[in-house]
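The structure appears right after this line, and notes come after that.
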Amino acid sequence: MSLFNFTTPIVEEGPAGTHRLFYFYKLDRGISIVLKPTGGYAQIRYPQDSDFDSYPAYYRGGYNHTVDAATKAALIAGGVGVTESNFTAL
């Protein structure tokens, strides 16, 4: 069984502060991917910790997750901005 390291999608947010120099710097923020109870995947930008219990599976943004080949295929086909570039083979 082949395993993959899944890195969630990111978005750049900025400016990183209020000083003039911070306007040139942006921060990468991870987007969480969740499996909805009704089926299918969804992106969540700002999840609450208490919400994660209601999802059958979730991949918290900004972290690396180990997934199998079937999960990889489902995430790519889920239409939530996950591509082949989000995975590296282990």
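Read-outs throughout are calculated quantities, based only on the coordinates presented, and are distinct from any laboratory measurement. Just so we're clear, the structure is a prediction, and the values are computed from it rather than from any experiment. Glycine also receives a Cβ, built like all others from the backbone with ideal geometry; neighbour counts cover every protein chain displayed.
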### Message
Within region 1-86, considering only strands (runs of 3 or more DSSP E) that don't extend past its boundaries, which have at least 2 residues that are surrounded by fewer than 17 Cβ atoms within 10 Å (Cβ to Cβ) and of a type in the set (A, V, I, L, M)?
### Response
10-13
### Message
Yes or no: region 78-86 includes at least one residue that is without any contact (Cβ under 8 Å) to a residue 60 or more places away in the chain and on the phi > 0 side of the Ramachandran plot.
### Response
yes
### Message
Can you tell me which residue is nearest to G78 (Cα to Cα) among those in region 8-48 that are out of contact with any Lys or Arg (no Cβ under 6 Å at 6 or more places or on another chain) and charged (D, E, K, R)?
### Response
K36
### Task
Those residues that are in contact (Cβ under 8 Å) with a residue 60 or more places away in the chain and over 14 Å from L35 (Cβ atoms), I need them from region 57-67; list them, please.
T66
